[in-house]
Amino acid sequence: MKNAHWSNWSGGVTCAPQRVAMPASEAEIAQLVREATQSGQRIRMVGSGHSFTPLCATDGLLLSLDRLQGLVSTSAPAGQATVWAGTKLHALGGPLWDHGLALANMGDIDRQSLAGAIGAGTHGTGPTLGNLSTQVVGLRLVTAAGEAVDCSPTAAPALFKAAQLSMGALGVITQVTLRLLPAYHLHERTWVASFAECLAELDAHIQANRHFEFFWLPQNDLCAMKALNPVELTPAEQDALPLIKEPRANDQPQGRLARYVRAERIDRSYRIFPSERTVKFNETEFAVPAASGPECLHEIRRLMRTRYPEVAWPLEYRTLAADNLWLSPAYGRETVTISVHQAAELPYQPFFADVEAIFRNHGGRPHWGKIHTHTSPDLAALYPQWAAFQAVRRQMDPSGRFLNEHLRALFGA
Ligand SMILES: Cc1cc2nc3c(=O)[nH]c(=O)nc-3n(C[C@H](O)[C@H](O)[C@H](O)COP(=O)(O)OP(=O)(O)OC[C@H]3O[C@@H](n4cnc5c(N)ncnc54)[C@H](O)[C@@H]3O)c2cc1C
């Protein structure tokens, strides 16, 4: 029989799995894992296939949890919900809202699955907020032996610490328990500033807003700025959502930026966070110490203006709180993430390689789901808990059932 064909979102990663399975229960997952183990087949899991790196690629069994979606249970007083791991983020906001709950932060899009998003360390922006994996307080996974185990800060804590961000290397995550906030509305302000203005006011914007990010637009050297903040609404205002506001004088940023204010809107948080990405691209992103962010940005801007003036895709600049997850790019340090993009149909290798060299000089850690060339020796030097993660991985999956070529190179396995 001819193998299936699989491709990721950008089309940059393809593979031909022997089998693609969409189990509808945890028992079915355990059975599939046992069968694969008996027949010596390797296993990879896929969420929405939005990673740009070959994390999901396999010629063995490709497992999708698309049929395991939705809330398992919620507790508004505890601010927690347990969710099937295959749940798409765009299908999570509404049901959580109905229980008075919401995610503390989200990335640029909401197309990912929950397990896939935490699997590669998906994050949004905000200096007080960690990536999505930091919001996880409990996990259930099916191990290489085909057994379901629960882990949390109190039950199997070392496994939990490793599994919170593990690229599907420890087993099949079936359920995720999340720490959530009471449902809230967000006020979004977007405006355009010159590069010099953006940089002059960068620290102030990062400190003044719960979420601040900007896109530097290389073709005209302007910055598209975005600030989000929680806002209290009256019942009448809630009925009128989304509220699209014309800027009023006292709502505007002060100083020279005022003339560039463009748009404001207010809506439920899960409707404000995500944007649509209709044009396909490839992307690389690194996490650098927050203090290095501006210098790193200057260097990449110089590189793009001198060697790659034809690249029209914007650079994105975001912030992340320090955390303590073993494989988190924000491990132990306040972080700035910088990403650059190239159209999916155009070559990106020389451009991304030159950008990566700049990131390397700043101690950058690659986003696991975005293109990079780091391998085990580089990564061991960047992650203080690298060996601890590898020890848990070897214990959970001694025969490398969940590894593919890409993960072998990452882990040195
Ligand atoms: C248009 C676009 C916008 C993006 N925006 C952002 C952003 O704002 N911020 C950001 O940080 N990233 C962003 N990304 C990257 C993206 O969030 C991550 O790559 C994320 O992992 C994709 O989720 P997914 O469900 O597609 O996961 P996949 O790419 O399918 O899988 C990711 C990892 O999770 C593992 N996995 C999936 N399901 C399971 C499971 N059940 N059990 C165990 N492991 C599992 C996979 O094996 C793989 O290792 C973006 C990507 C695209 C294409």
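The values are calculated or read from the model by the stated rules, or taken from the named source; none is laboratory data. Bear in mind the structure is a predicted one, so any value in this text is a computation, not a measurement. With ideal geometry, Cβ positions are generated from the backbone for all residues, glycine too; neighbour counts draw on all protein chains shown.
Would it be correct to say that Leu139 is more than 8 Å from the ligand (Cβ to nearest atom), crowded, with 20+ Cβ neighbours inside 10 Å and in a loop (DSSP other than H, G, I, E, B)? Taking the combined requirement at face value, the residue does not satisfy it. What about Val46, is it touching a Phe, Trp or Tyr at 6+ places or on another chain (Cβ under 9 Å) and either within 27 Å of Thr278 (Cα to Cα) or among the acidic types (Asp, Glu) (or both)? For Val46, the condition - touching a Phe, Trp or Tyr at 6+ places or on another chain (Cβ under 9 Å) and either within 27 Å of Thr278 (Cα to Cα) or among the acidic types (Asp, Glu) (or both) - is met. Candidates in the range 95-132 are the residues that are among the hydrophobic types (A, V, I, L, M, F, W, C), in contact with a His (Cβ under 8 Å, 6 or more places away or on another chain) and assigned to a loop (DSSP other than H, G, I, E, B); of these, the one that is farthest from the ligand (Cβ to nearest atom) is Leu129.
crowded, with 20+ Cβ neighbours inside 10 Å and of a type in the set (A, V, I, L, M, F, W, C): is that true of Val192 in this structure? The answer is no for Val192. Would you call Thr14 closer than 20 Å to Ala409 by Cβ and either more than 12 Å from the ligand (Cβ to nearest atom) or out of contact with any Leu (no Cβ under 8 Å at 6 or more places or on another chain) (or both)? Against the criterion (closer than 20 Å to Ala409 by Cβ and either more than 12 Å from the ligand (Cβ to nearest atom) or out of contact with any Leu (no Cβ under 8 Å at 6 or more places or on another chain) (or both)), Thr14 qualifies.
The residues in the range 65-79 that are closer than 16 Å to Arg140 by Cα and within 16 Å of the ligand (Cβ to nearest atom) can be counted, and the count is 5.
Somewhere in the range 281-292, is a residue within 26 Å of the chain's Cα centre (by Cα), surrounded by fewer than 13 Cβ atoms within 10 Å (Cβ to Cβ) and modelled with pLDDT under 95? No, the range 281-292 contains no residue that is within 26 Å of the chain's Cα centre (by Cα), surrounded by fewer than 13 Cβ atoms within 10 Å (Cβ to Cβ) and modelled with pLDDT under 95. Just the residues that are small (Gly, Ala, Ser) and either crowded, with 22+ Cβ neighbours inside 10 Å or touching a residue at least 60 places away in the same chain (Cβ under 8 Å) (or both), please, taken from the range 36-45. Within the range 36-45, just Ala36 meets the criteria.
Where strands (runs of 3 or more DSSP E) fall wholly inside the range 260-378, the ranges with 3 or more residues that are within 14 Å of the ligand (Cβ to nearest atom), within 23 Å of Cys198 (Cβ to Cβ) and not polar (S, T, N, Q) are 281-289, 315-320, 335-343.
Here the range 1-35 is the region considered, the condition is being surrounded by fewer than 17 Cβ atoms within 10 Å (Cβ to Cβ) and of a type in the set (Val, Ile, Thr), and the residue that is nearest to the chain's Cα centre (by Cα) is Thr14. Within this structure, Thr278 fails the test of being modelled with pLDDT of 95 or more, among the polar types (S, T, N, Q) and within 24 Å of Glu345 (Cα to Cα).
When restricted to residues that are away from the ligand (no atom under 11 Å from the Cβ), outside any loop (DSSP other than H, G, I, E, B) and modelled with pLDDT of 95 or more, the range 34-52 contains 3. If you go through the range 337-360 and keep only what is over 14 Å from the mean Cα position of the chain (by Cα), under 17 Å from His298 (Cβ atoms) and touching a residue at least 24 places away in the same chain (Cβ under 8 Å), you end up with Val340, Asp354, Val355, Glu356, Ile358, Phe359. Kindly check whether there is at least one residue in the range 116-136 that is touching a Pro at 6+ places or on another chain (Cβ under 8 Å) and farther than 19 Å from Ala322 by Cβ. Within the range 116-136 (the criterion being touching a Pro at 6+ places or on another chain (Cβ under 8 Å) and farther than 19 Å from Ala322 by Cβ), the answer is no, since none of the residues qualifies.
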